[in-house]
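Inspection log for the structure reproduced underneath, given as C-alpha cells.
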Amino acid sequence: MSGVFFPLAKLGWTVLAPSHLLLWLTLLTAVALIFGRPRLGRWLAIVTALVLVVFGVLPTGHWLAERLEDQYPRPAALPAHVDGILDLGGGLGDDILVARHAPAAALSEARLVSTFELARRFPAARVVFSGGWGRHPDADAAAYVFAQMGLDPRRLTLENRSRDTLENLLFTRRLVRPKPGEVWVLATSAIQMPRAMAVARRLGWTMIPWPTDYLTRPGPRPLADYLDVLGNLARSDAALHEVLGLVAYRMRGAGSAPPAAAGNVARPGALSNAAKETAAP
C-alpha cells in the first residue's frame, strides 16, 4: 500500500488542485462545444466560472491557509537548551543550482534562514535537513545554502530520501535516533506545520513547532487582494494541498493519534502498517 500511496497522491493532486481543476474544466468545456454538446458545455462553463470565483477571487485560500497557519504559533520563548533542529524541505530547486551554480528562487529558503537563526542561538544543537525529491534532492541545495550562510558542515545532518512530510519525519527519526528527554525544534512552513506535527505525534517524537514561510497576515484584506487572481489561486492550491494531505494521512493512519507515552520513543504499534513499510530500509 505504501508503495503506491505517493504516486496516487501526486496523481490525485494533479487533478484536484484548484488551478489544475480550472484547466481540466476549461478543456472539457471546449471538448463539449466542439463535439456538439452545447448544453453540457454551458453547464461546464458555469462550473468553471464558479471554481474561478471561489478559489481565484474570493479569499477562500486565504481563509483556509490562515486557519492552518494559526494552529501552531511561534512560542514566545524557547528552552535554554535545544538538542536538535529539524528543517523540512519544500522544493529548493536543486536542479537549477546544479545547472546555474547559484540557488534558485524558492519561497522555502525562508525556513533555511530561520533554521540558521536557531543554529546560531543554540550552537550546541544538531542541525538536520530532511528532503529528497527528484534527481537532485533538496538536501543538496540546503547544504549549499547553509554553507553560504556560514554553518559549520560538521553540525549538519542531511536526510535525502524522503518525498513527503510523512517520510521526512519517519526517515529522519530513524537517522538521528532522538533520545528520551531530548529537546527538538521543528522548522517548516506554517501551513505545513499541522501535518508535520500530526506525524511527529504519531511517531511519539516530541517537538517544539517553529513555523516559517507564512502566506497570510491577520486582519482584513485590502480590496486589491481580490483582484490578485494568480495569488489567490496559489494560496488556494497551498491550503487545499495541506487539507487533503491531513485527510489522506488520517485515512492512512499516519496523522491522527494522541501523543505517545512519556519520552520520544514511539509506542509499539504506534505506526500504521503502511507507515511501517515506508520506514523499512
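Given a 1.4 Å probe and heavy atoms of the protein chains only, how would you sort 179, 10, largest accessible area at the top? Could you put the intermediate results ahead of the total?
Values: 179 125, 10 95 Å².
The residues order as 179, 10, largest area first.
Convert each backbone phi in region 244-253 into a coupling constant with the Karplus relation 6.51 cos²θ - 1.76 cosθ + 1.60 (shift: θ = phi - 60°), then list the ³J(HN,Hα) values in order as whole Hz, x for Gly and Pro.
Coupling constants for region 244-253: 5, x, 4, 4, 5, 5, 5, 5, 7, x Hz.
Say R0 is 30 Å: what FRET efficiency, to the nearest 0.05, do residue 250 and residue 24 get from their beta-carbon distance?
Working: r = 26 Å, r/R0 = 0.88.
Efficiency computed from Cβ-Cβ geometry: 0.70.
Could you give the length gained on full extension between residue 16 and residue 76, defined as 0.36 nm per residue of separation minus the Cα-Cα distance, in nm? Intermediate values should be presented prior to the final figure.
Values: separation 60, 0.36 × 60 = 21.60 nm, distance 3.72 nm.
My answer for the length gained is 17.9 nm.
If the chain between residue 46 and residue 229 were fully stretched, how many nm would it gain, using 0.36 nm times the residue separation less the Cα-Cα distance? List each step's numbers first, then the result.
On the way: separation 183, 0.36 × 183 = 65.88 nm, distance 1.78 nm.
Result for the pair: 64.1 nm of gain on full extension.
Can you pull the percent of region 118-213's accessible area that's carbon plus sulfur, 1.4 Å probe, other chains left in place? Each step should come with its number before you reach the end.
Values: 1900 of 3780 Å².
Carbon with sulfur: 50 percent of the solvent-accessible area.
Quick one: if you take sqrt(5λ) for each eigenvalue of the C-alpha gyration tensor of region 160-229, what semi-axes come out, biggest first, whole angstrom? Walk me through the intermediate numbers first.
Working: eigenvalues 207, 38, 15 Å².
Semi-axes, largest first: 32, 14, 9 Å.
Can you give me the accessible area per residue for region 1-89, using a 1.4 Å probe, in Å²? Please list the in-between numbers first.
Details: 5290 Å² over 89 residues.
I get 59 Å² per residue for region 1-89.
Given a 1.4 angstrom probe, I'd like the percentage of the accessible area of region 40-79 that is carbon and sulfur, rounded to a whole number. Numbers along the way, then the final one.
On the way: 1760 of 2330 Å².
Ligands and nucleic acids excluded, carbon and sulfur reach 75 percent.
Set the Förster radius R0 to 35 Å, insert the Cβ-Cβ distance between residue 34 and residue 8 as r into 1/(1 + (r/R0)^6), and round the FRET efficiency to 0.05. Mind showing how you got there, number by number?
Numbers: r = 31 Å, r/R0 = 0.89.
FRET efficiency, residue 34 to residue 8: 0.65.
The values are calculated or read from the model by the stated rules, or taken from the named source; none is laboratory data. Everything numeric in this text was worked out from a predicted model, so none of it was measured. Ideal geometry is used to build each Cβ from the backbone, glycine not excepted, and the neighbour counts take in all protein chains shown. Surface areas here come from the heavy atoms of the whole protein model, side chains and all, with no ligands, DNA or RNA. Shrake-Rupley method; radii C 1.70, N 1.55, O 1.52, S 1.80 Å.
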